[in-house]
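A short reminder: the numbers here are calculations on the coordinates, not readings from a lab. Here the structure is a predicted model, which means the values were calculated and not measured. All Cβ positions, glycine included, derive from the backbone under ideal geometry; neighbour counts span all protein chains shown.
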Amino acid sequence: MACTRLILLGPPGSGKGTQAKRLSDTLKTAHVSTGDMLREARAAGTELGRKAGECMDAGRLVPDAVVIGLVAERLRKPDCEPGFVLDGFPRTVAQAEALDAAGVGVNCVIDIDVADEEVVSRLGGRRSCPQCGRVYHVEVAPSKDGTHCDGCGAGLVTRPDDVEDTIRARLKVYHEKTAPLAAYYRGKGLLKTVESVGGPDAVFGKVLNAIGAR
Ligand code: AP5
């Protein structure tokens with residue numbers, strides 16, 4: 001039986017959001033993206049969103065306590081009952097320990113592996129829908145007209161943290177704070193590594209194999 005309580009690990013631009021959306025559609029589970037939740041809080045103009053926005057624009061992590069609180073609340077919602085795909089959480093060992101301490105059982109952790117220079121190229125070409133969150137790439141996965149979302153028709157934007165200096169800052173944070181989570185979950189026997197090569201469709205096939213869904 002396929003895993004339905006999943007974590008997607010991996011550097012910025014590895015394709016976590018792209019794969020999480022496909023997985024949650026296929027498995028009929030909730031897609032829980034901390035990046036999306038923080039961007040929504042920012043767009044809503046809340047104090048939390050304003051502070052988080054400062055961290056995100058600088059490529060730093062938002063403090064653990066803030067993100068842990070957001071995720072704990074989100075996982076209590078009914079749409080998470082059939083399962084969930086955690087995209088961008090946990091990102092530190094403290095966040096992973098908080099998930100364990102809260103008794104949130106996870107049955108598979110997929111680590112999406114990609115080289116740093118590929119990340120810089122992918123994020124430099126990413127275009128995002130500010131309304132429905134769909135993600136495109138100017139060459140690999142363009143929208144039909146190249147400038148508007150195929151799903152909701154909104155004009156596509158470049159995320160403020162998708163500029164090269166900030167991408168490199170995010171990669172540094174990833175290697176220091178998030179990469180150690182692979183060992184954490186390997187130690188629990190939950191880790192599967194998937195190479196992010198061959199385009200989104202090919203990677204999705206590998207992810208489905210890794211979680212036992214095909
Ligand atoms: P978040 O929004 O989570 O950003 P991220 O982890 O840096 O990941 P990205 O969204 O940049 O990339 P992705 O892996 O989802 O790739 P995507 O599918 O879009 O977080 C943003 C910020 O919020 C953080 O920097 C931090 O400040 C804060 N934050 C979030 N969570 C936090 C937490 N837990 N704790 C503290 N702070 C937190 O794909 C990228 C591009 O590549 C797209 O253009 C796509 O079309 C293309 N692509 C996808 N797959 C492929 C493929 N196989 N081949 C070629 N191109 C591909």
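Compute the signed sum of charges (Lys and Arg +1, Asp and Glu -1) over the other residues within less than 14 Å, Cβ to Cβ, of Pro90.
+1
Within the set of other residues whose C-beta is less than 12 Å from the C-beta of Cys108, count the net charge using Lys and Arg as +1 and Asp and Glu as -1.
+2
Which whole-angstrom value gives the distance between the alpha carbon centres of segment 175-214 and segment 120-171?
For segment 175-214 versus segment 120-171, the Cα centre distance is 23 Å.
Loop only per DSSP, at most 15 neighbouring Cβ atoms within 10 Å: give me the GluC sites (Glu not before Pro) in segment 109-214, ordered by residue number.
Working: sites: Glu117, Glu118, Glu139, Glu164, Glu176, Glu195; in loops: Glu139.
Within segment 109-214, the qualifying GluC sites (Glu not before Pro) (loop, at most 15 other Cβ atoms within 10 Å) are Glu139.
Tell me, what ³J(HN,Hα) does each residue in segment 14-25 have, in order and in whole Hz, if you take phi through Karplus 6.51 cos²θ - 1.76 cosθ + 1.60 with θ = phi - 60° and put x for Gly and Pro?
Whole-Hz 3J(HN,Hα) from phi for segment 14-25: 6, x, 4, x, 4, 6, 4, 4, 5, 5, 5, 5.
Tell me, His148, His175, His137 in order of fewest to most beta-carbon neighbours within 10 Å?
On the way: His148 16, His175 11, His137 19.
So the residues, fewest neighbours to most, are His175, His148, His137.
Suppose we keep just the DSSP beta bridges with both residues in segment 108-214; what percent of those would be antiparallel, to 5?
Details: 6 of 11 bridges.
Around 55 percent antiparallel, to the nearest 5.
Highest first, please rank the peptides 165-171, 29-35 by the mean number of other Cβ atoms sitting within 10 Å of their residues. Display every interim value, and only then the final one.
Details: 165-171: 17.4, 29-35: 21.4.
Highest to lowest by the protection proxy: 29-35, 165-171.
What list do you get for Leu99, Leu123 if you sort them by fewest beta carbons within 10 Å?
Ranking Leu99, Leu123 by Cβ neighbours within 10 Å, fewest first, gives Leu99, Leu123.
Sum -39500 (n - 2.57) across every DSSP H segment of at least 4 residues in the chain, then divide by the residue count to get the 222 nm mean residue ellipticity, nearest 500.
Theoretical 222 nm ellipticity from helices: -13000 deg cm²/dmol.
In debye, nearest 20: dipole of segment 60-165 around its Cα centre with unit charges on the Cβ of K, R (+) and D, E (-)? Working shown, then result.
Numbers: 11 positive and 19 negative charges, 101 e Å.
With Lys and Arg at +1 and Asp and Glu at -1, about 480 debye.
Val197 to Lys77: extension gain in nm, 0.36 nm per residue of separation minus the Cα-Cα distance? Present the calculation step by step, with values, prior to reporting the outcome.
Details: separation 120, 0.36 × 120 = 43.20 nm, distance 3.41 nm.
Gain in length upon complete extension: 39.8 nm.
GNM on the chain, C-alpha springs below 10 Å: top fluctuator among Ala179, Ala65, Ala98?
Greatest mean-square fluctuation among the candidates belongs to Ala65.
Given a cut-off of 26 Å, name the pairs among Lys16/Lys51; Lys51/Lys177; Lys21/Lys77; Lys51/Lys206; Lys144/Lys192 whose C-alpha atoms lie farther apart than that in the structure shown. If you can, show how the numbers build up before the last one.
On the way: Lys16/Lys51 24 Å; Lys51/Lys177 20 Å; Lys21/Lys77 18 Å; Lys51/Lys206 37 Å; Lys144/Lys192 34 Å.
Where the Cα-Cα span goes over 26 Å, the pairs concerned are Lys51/Lys206; Lys144/Lys192.
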